[in-house]
Amino acid sequence: MSTPELAPVSVIVPCYNAADTLRRAAESILDGAPDDLELLLVDDGSTDGTPALCDELAAGDRRVRALHRKNGGASAARNTGLDAAAGDWIVFVDSDDVLLPGLWQALGEAFAADPGLVLFGIDRASGPNPCPLASGYYPDPAALGEALRPLLFESGYLAAPYGKAFSAKALRDAGLRFDEALKVNEDVLFNTVFLQNTISIFCLPGVYYYQYDQKAGSLSRRLRGDLLDAERRCAPELETMLRRWGYPAGPYLKESRLRACLNQYGLLTGCKGDMPYARRRALFAEILSQPDARAALREQLRRDAHPLLALPYRLGVGLDLPGFLAAYTLLKNRFL
């Protein structure tokens, strides 16, 4: 049986100070890609060798276009790519990740089903990340059923912009762009709003994306304090999507908030970085005000393999002392 012809694809790669990894990413995308592939390298005001490398890669392969813009963040860079993309399908790749062999050959089958969204497997440097959705065709988001929760929360398959191909027409019909005001969860918001629309989904078997998620600049390894605000911004759109497709909104919203609290707590207690005492205290106070978060943290600390090291956190969480936690983490950050 012949392989279905692949419709034109635009791959958008936002690039900021990515001189060390961009060539690897671009080569992985171009490997085995069709002649009509469009690779858009969007330089987001980089200050290293990235702009020159984008131009070099574009000069060396007619499928590559280099776009240069002032720094505005990943959302702005992706929007610049969306504005320029000419393909029938849109694929996002981060500049420090790679596509794995075989994707371009596999996508033909999915495109032939004319879905609005194609999912494909992701692997991570931190460990395997199997897709919780069985391969095949799903007529709309309601058909995802019990797989929706792990797709959203545990695996991130419907949270990240990568590991999928978007129908360009479906994106245009939805008038969808990334929220440039958000610096985290902007991809969650993008996907959530997209899923509010009547789109069919095709899940490919096989793993075709590799994420280097243990890099120094990754979300899990740097201190930031905007996770709770970002979750709050996304929650109404998540609720709209859930109700649109008949899912019980309450449990999903509750889990979304809990995960944001636990992730923010993990950054505050595990990452170094400049954050004033008052900001730390306010974040700890908000986390501890959530009964589910306090209960989960107490259980997590009870099972900690290093009880002496965990003792200050057990006191702070158990006695509801956000000021103590803020002071302790600030001192630990400065002197340890």
message: On the basis of being in contact (Cβ under 8 Å) with a residue 60 or more places away in the chain and either outside any helix (DSSP H, G or I) or at negative phi (or both), does GLN214 make the cut?
response: yes
- request: Kindly indicate whether PRO132 is open to solvent by 40 Å² or more (accessible area, probe 1.4 Å) and at pLDDT below 95.
  value: no
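Test GLU180 against the criterion of being in contact (Cβ under 8 Å) with a residue 12 or more places away in the chain, open to solvent by 40 Å² or more (accessible area, probe 1.4 Å) and either more than 17 Å from ILE90 (Cβ to Cβ) or assigned to a loop (DSSP other than H, G, I, E, B) (or both), and give yes or no. Walk me through how you get there before you give the answer.
Details: in contact (Cβ under 8 Å) with a residue 12 or more places away in the chain: yes; open to solvent by 40 Å² or more (accessible area, probe 1.4 Å): yes; either more than 17 Å from ILE90 (Cβ to Cβ) or assigned to a loop (DSSP other than H, G, I, E, B) (or both): yes.
Yes: the conditions hold for GLU180.
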message: Given the options SER155, SER167, name the one that is under 21 Å from GLN211 (Cβ atoms) and of a type in the set (Ser, Thr, Tyr).
response: SER155
- request: Identify the residue in the stretch 14-66 that is of a type in the set (S, T, N, Q) and open to solvent by less than 30 Å² (accessible area, probe 1.4 Å) and, among all such residues, is farthest from ALA84 (Cα to Cα).
  value: SER28
task: Evaluate the following for LEU133: is it part of a loop (DSSP other than H, G, I, E, B), in contact (Cβ under 8 Å) with a residue 40 or more places away in the chain and closer than 13 Å to ILE201 by Cβ?
output: yes
Sole residue being within 21 Å of ALA181 (Cα to Cα), assigned to a loop (DSSP other than H, G, I, E, B) and of a type in the set (D, E, K, R), chosen from ASP114, ASP94: ASP94
task: Answer yes or no: is there a residue in the stretch 60-75 that is farther than 20 Å from ASP20 by Cβ, part of a helix (DSSP H, G or I) and at pLDDT 95 or above.
output: yes
- prompt: List the pairs whose first member sits in the stretch 71-91 and is more than 16 Å from VAL188 (Cα to Cα), whose second member is at pLDDT below 95 and surrounded by fewer than 22 Cβ atoms within 10 Å (Cβ to Cβ), and whose Cβ atoms are under 8 Å apart, counting only residues at least 6 apart or on separate chains?
  reply: GLY87/ALA7; ASP88/ALA7; TRP89/ALA7
statement: Among GLY108, GLY121, the single one that is out of contact with any strand residue (DSSP E or B) (no Cβ under 8 Å at 6 or more places or on another chain), open to solvent by less than 20 Å² (accessible area, probe 1.4 Å) and small (Gly, Ala, Ser) is GLY108
- request: For the stretch 143-166, state whether one or more residues are in contact (Cβ under 8 Å) with a residue 12 or more places away in the chain, part of a helix (DSSP H, G or I), open to solvent by less than 10 Å² (accessible area, probe 1.4 Å) and within 18 Å of VAL11 (Cα to Cα).
  value: no
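The values are calculated or read from the model by the stated rules, or taken from the named source; none is laboratory data. Please read all numbers here as calculations on a predicted model, not as lab measurements. With ideal geometry, Cβ positions are generated from the backbone for all residues, glycine too; neighbour counts draw on all protein chains shown. Side chains included, ligands, DNA and RNA excluded: accessible areas come from the protein's heavy atoms. Shrake-Rupley method; radii C 1.70, N 1.55, O 1.52, S 1.80 Å.
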